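Report on the following structure.
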């Protein structure tokens, strides 16, 4: 197994997931460089994790760090201006979610990477952190028969600070990107239409939406209904996957199977995959694709279909209409 010299661009809070997730895999990953324009944040994070090379300029990082792959943890507002120079330099990239706030930008980046033959993967770590992969397996095994609908609720109180407060796309871009991606994983098919209503509560200081209700119809005729709130003083995260012979109810750490007439679960499955572990697995998908030449399951090309659902939801809310997708991509 090859060991890779990896650099990280961005020294904000989300980098903790990466440093913690990678530290147990020194045989695979060595973090040799960190880049951030804020010297105080840069040195604080580099000192904490013993990163030897520190850069405040991206070009200096590209030219002199000697890294073999790059993890990008910058805000989405500057995603393209960070990722495109890395692609031009021939560096494989592992990008924090959301890949981009818009399909147009995500498509531009993906096409540039295709032209250059450079792989990009996205950190959709909730595929494993939330029990989407577990439920996907149960559905594939026919445990609940044909799926008819998914009902997903993610409501809690969240007041961000810093750059996120200024983003025009907020709650769905932060959390919905996980849930849209998870629905795709469970169902194994493309979305065909999206309709959305969103609102911004005065309880939260931000430029974007705090609350949204979305319905996504998939090729297999399953309807996923998703409710998001950053302004709720009551917390709940729950997914209900309804099939013709049973229903699976999930939280973060478990999934429960109910049969007709059951008041208690017929069966329970545990799920204890941390975000840090899932983040390492995501980077390892990229590194494995470098070695095998096989597209990673979390590739940017795959992620365009997740970004399409996100983009479609915002278009639907803005234009007050049902938005159609073709082959999973926003028309």
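A residue that is modelled with pLDDT of 95 or more, surrounded by fewer than 17 Cβ atoms within 10 Å (Cβ to Cβ) and under 20 Å from residue 288 (Cα atoms) occurs somewhere in the stretch 92-114. Yes or no: the stretch 175-192 includes at least one residue that is within 28 Å of residue 138 (Cβ to Cβ), part of a strand (DSSP E or B) and modelled with pLDDT of 95 or more. Yes - at least one qualifying residue is present in the stretch 175-192.
Here is a yes/no grid of residues against (1) more than 16 Å from the chain's Cα centre (by Cα); (2) at pLDDT below 95:
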| site | (1), (2) |
| --- | --- |
| 243 | yes, no |
| 248 | yes, no |
| 267 | yes, no |
| 311 | no, no |
| 319 | yes, no |
| 323 | yes, no |
| 331 | yes, yes |
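Annotation: residue 54 fulfils all but one of (1) assigned to a strand (DSSP E or B); (2) within 25 Å of the chain's Cα centre (by Cα); the unmet one is (2). Here is a list: 81, 63. Which entry is over 23 Å from residue 29 (Cα atoms) and either buried (at least 17 other Cβ atoms within 10 Å of the Cβ) or out of contact with any helix residue (DSSP H, G or I) (no Cβ under 8 Å at 6 or more places or on another chain) (or both)? Step by step, each of 81, 63 is checked, and only 81 is over 23 Å from residue 29 (Cα atoms) and either buried (at least 17 other Cβ atoms within 10 Å of the Cβ) or out of contact with any helix residue (DSSP H, G or I) (no Cβ under 8 Å at 6 or more places or on another chain) (or both).
Rundown of residues vs (1) in the same structural domain as residue 225 (by TED's automatic domain parsing); (2) in a loop (DSSP other than H, G, I, E, B); (3) more than 27 Å from residue 242 (Cβ to Cβ), yes/no style:
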residue	(1), (2), (3)
105	no, no, yes
121	no, no, yes
138	yes, no, no
143	yes, yes, no
152	yes, no, no
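When the residues of the stretch 279-331 are filtered to those that are touching a strand residue (DSSP E or B) at 6+ places or on another chain (Cβ under 7 Å) and in a loop (DSSP other than H, G, I, E, B), the one that is farthest from residue 94 (Cα to Cα) is 322. The residue that is surrounded by the fewest Cβ atoms within 10 Å (Cβ to Cβ), among those in the stretch 42-57 that are touching a residue at least 24 places away in the same chain (Cβ under 8 Å) and in contact with a helix residue (DSSP H, G or I) (Cβ under 7 Å, 6 or more places away or on another chain), is 49.
Note on the stretch 159-174: residues that are part of a helix (DSSP H, G or I), surrounded by fewer than 17 Cβ atoms within 10 Å (Cβ to Cβ) and in contact with a helix residue (DSSP H, G or I) (Cβ under 9 Å, 6 or more places away or on another chain) total 2.
The values are calculated or read from the model by the stated rules, or taken from the named source; none is laboratory data. As the structure is a prediction and not an experimental result, all values here were calculated from the model. Here Cβ is always computed from backbone atoms with ideal geometry, including for glycine, and neighbour counts include all displayed protein chains.
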